[in-house]
Amino acid sequence: MLIRILGAAAGGGYPQWNCHCNGCETVRDGKATPLTQSSIAVQSEEDGSWFLINASPDVRQQIEAMRASGSFPSRSGNRSLPFSGILLTDAEIDHTTGLILLRESTAPLNIYSTPTVKQALSSGYALLSTLQNYCGVNWAPLIPGEIIQLTTDLEVEVFALSTKAPKYIQSTEVEVWGIGLTIRDTITNTTVTYAPGMASIDTDLRSRFENSDCILIDGTFWTNDELPSLGIGARTAMQMGHLPLSGENGSLSQLSTITNPRKIFVHINNTNPILIPNSPERQTVENSSIEIGYDGLTIKL
Ligand code: MLT
Ligand code: MN
Ligand code: ZN
């Protein structure tokens, strides 16, 4: 299979339109590379079909970038969607808003999500019900603990990752909102695990990572109080369901002892200093065994 990081930034992108943090200004000064918002795509090598995982507000630009790099057969199809399906790992605005931009598709969108996410996107943030009157939607369930077959060679195992509800949901009920996906190519017997919203690393997740060939992991924040300390948000990283990189129990330290997979940070917030070239924090990560994801990074497994 082929995995492509379409967007390595978290919500807001890099730079974010209203942000004047160090990182955003560094991009505007031409001294850091811009990044689009969180999304990846996976291709079956058997039949060539692509699956979009999360639909970011930058999906239009991301599809054009794929086209420009030769991912799709040129000029094929009549305004059809170049993805056989779209898998959603949560109902967050930054992972779903791109769906509305795909309404011009001549065929219904094949969307996979948990029933909880489907419900949220049918009432709280009514993208799916809106799309019914445009291209239409064929929905299929993603259930934690279950495996679904995407193509003859690709299967996806779903696992629970986070109980953080999107901000637009006004419920205090504790339920699984964020999932992770382990995608297996059954021909090459290789797996990638995608966990863009990771609140903690328990023993199950640790062994899942250790048994993967590549992991794409939550790189949102450097510190737990990143947003409050910059005066640009009240919630800590942990309150937002994101394990920070630094600190004794941070993801850098916890992932350092996972040795089998290639490890890559994705969903990196614009305030995270690892995005600034030559910053001490970036150097720390560069000296670790974990890579910093970027738009267009393609992995063949
Ligand atoms: C997240 O990743 O935590 C969300 O996308 C942040 C948000 O938009 O509330
Ligand atoms: Mn996000
Ligand atoms: Zn910023």
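A compact table of results
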{"read-out": "Farthest toward positive dipole pole in the chain [+1 Lys/Arg, -1 Asp/Glu at C-beta], among GLN239, ILE268, VAL27", "value": "VAL27"}
{"read-out": "Cβ-based exposure ranking for ILE147, ILE111, in which fewest neighbours within 10 Å come first", "value": "ILE147, ILE111"}
{"read-out": "Contour excess over end-to-end distance, with Cα ends at GLN239 and SER253 and 0.36 nm allotted per residue", "value": "3.0 nm"}
{"read-out": "DSSP bridge orientation in the chain - percent antiparallel, rounded to nearest 5", "value": "55"}
{"read-out": "Shape call, the chain: gyration tensor on alpha carbons, a/c limit 1.5", "value": "rounded"}
{"read-out": "Dipole magnitude of region 1-78, debye to nearest 20 (Cβ charges: Lys/Arg +1, Asp/Glu -1, about Cα centre)", "value": "220"}
{"read-out": "Estimated [θ] at 222 nm from DSSP helical runs (n ≥ 4, -39500 (n - 2.57)) normalised by residues in the chain, nearest 500", "value": "-4500 deg cm²/dmol"}
{"read-out": "Inter-label distance for GLN170 and ARG206, nm, one decimal - labels placed 7 Å from Cα along Cα-to-Cβ", "value": "4.1"}
{"read-out": "Fewest-first ranking of GLU291, GLU146, GLU46, using other Cβ atoms within 10 Å as the exposure measure", "value": "GLU146, GLU46, GLU291"}
{"read-out": "Reach of LYS164 by Cα under 23 Å, taken over lysines that are not fewer than 8 positions away in the same chain", "value": "LYS118"}
{"read-out": "Protection proxy ranking, peptides 61-69, 133-141, 189-197, 151-159, average beta carbon neighbours within 10 Å, highest first", "value": "189-197, 151-159, 61-69, 133-141"}
{"read-out": "Length released on extending from ASN138 to ILE232, taking residue separation times 0.36 nm less the Cα-Cα span", "value": "30.0 nm"}
{"read-out": "Dipole magnitude (debye, nearest 20) for region 81-166, charges at Cβ of Lys, Arg, Asp, Glu", "value": "320"}
{"read-out": "Straight-distance crosslink candidates among lysines, where the alpha carbon sits under 28 Å from LYS31 and sequence neighbours closer than 8 are dropped", "value": "LYS263"}
{"read-out": "Modelled FRET efficiency - R0 51 Å, ALA126 with ASN22, Cβ distances, 0.05 increments", "value": "0.90"}
{"read-out": "Computed lengthening from ASP29 to ALA107, 0.36 nm per intervening residue step minus Cα-Cα distance", "value": "23.9 nm"}
{"read-out": "Cβ-placed point charges (K, R +1; D, E -1), dipole of region 2-295 about Cα centre in debye, nearest 20", "value": "680"}
{"read-out": "HN-Hα J in Hz across region 125-136 - Karplus 6.51, -1.76, 1.60, θ = phi - 60°, x for Gly and Pro", "value": "9, 7, 5, 5, 5, 5, 5, 4, 8, 10, 7, x"}
{"read-out": "Inverse of mean 1/r across different Cα pairs in region 1-48, Kirkwood, Å", "value": "12.0"}
{"read-out": "Neighbourhood net charge (14 Å Cβ-Cβ; Lys/Arg +1, Asp/Glu -1) for ILE100", "value": "-1"}
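Bear in mind that the values in this text are calculations on the coordinates, not laboratory data. A quick note: this is a predicted structure, and the numbers were derived from the prediction, not measured. Don't worry about glycine lacking a Cβ; one is built from the backbone with ideal geometry, like all the others, and counts go over all protein chains shown.
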